[in-house]
Amino acid sequence: MITEIYLENVQAFCRLGIYESERRRGQAVIVNLRVALDLSSACTLDRMEDSISYVDLSHIIQDVAKAKEYNLIEHLSKSITDELFKKFVRIDTVDIRIHKPVINAEGFNGNASVRVCTQRS
């Protein structure tokens, strides 16, 4: 049985952007995450050790975001995905959307997000 765990609107602070001024100041991004894995034991036995903690997933997002500077949201997405696959070998799919609500670029009006869906190879 494939089960999906969703985290929505997780705030993470990072040094992200193609402009030095963005990375120097840092900024918050909003992360939405879906992970797919077999949680049939958790559904049947009702034991936390058969599942994945939402809190642990959130901490990984936040830790990876603040671990280094990133030029692109795409690279941050891949870094979070790689860490989730590394820490949780039971995860089959990571679908991550990172929303950058503030973009300080002349002539740009709005915000942006990137969605990357990756299956374990």
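The values are calculated or read from the model by the stated rules, or taken from the named source; none is laboratory data. This is a predicted model, so every value here is computed, not measured. Cβ coordinates were reconstructed from backbone atoms using ideal geometry, including for glycine residues, and neighbour counts include every protein chain displayed.
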Taking the stretch 1-10 and keeping only residues that are closer than 19 Å to residue 97 by Cβ and either surrounded by 13 or more Cβ atoms within 10 Å (Cβ to Cβ) or more than 14 Å from the chain's Cα centre (by Cα) (or both), one is left with 4, 5, 7, 10
Over 16 Å from the mean Cα position of the chain (by Cα) and either surrounded by 16 or more Cβ atoms within 10 Å (Cβ to Cβ) or not charged (D, E, K, R) (or both) - does that describe any residue in the stretch 75-82? no
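Listed residues 41, 113, 53; which is under 15 Å from the mean Cα position of the chain (by Cα) and surrounded by 13 or more Cβ atoms within 10 Å (Cβ to Cβ)?
The conditions single out 113.
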Quick one: is residue 84 under 14 Å from residue 5 (Cα atoms), out of contact with any Phe, Trp or Tyr (no Cβ under 8 Å at 6 or more places or on another chain) and not aromatic (Phe, Trp, Tyr)? yes
Pair list, Cβ < 7 Å and 6+ apart or interchain, from the stretch 36-52 residues that are free of Cβ contacts under 8 Å to residues at least 12 places away in the same chain to residues that are assigned to a loop (DSSP other than H, G, I, E, B) and of a type in the set (A, V, I, L, M, F, W, C): 50/39
Kindly indicate whether any position in the stretch 15-26 is of a type in the set (Lys, Arg), at pLDDT 90 or above and surrounded by 15 or more Cβ atoms within 10 Å (Cβ to Cβ). yes
Among the residues of the stretch 56-68, are any modelled with pLDDT under 95 and among the charged types (D, E, K, R)? no
Find all pairs meeting these conditions: Cβ atoms under 6 angstrom apart; at least six residues apart or on different chains; first residue within the stretch 92-121 and closer than 11 Å to residue 34 by Cβ and at pLDDT 85 or above; second residue part of a strand (DSSP E or B) and hydroxyl-bearing (Ser, Thr, Tyr). 94/118; 97/113
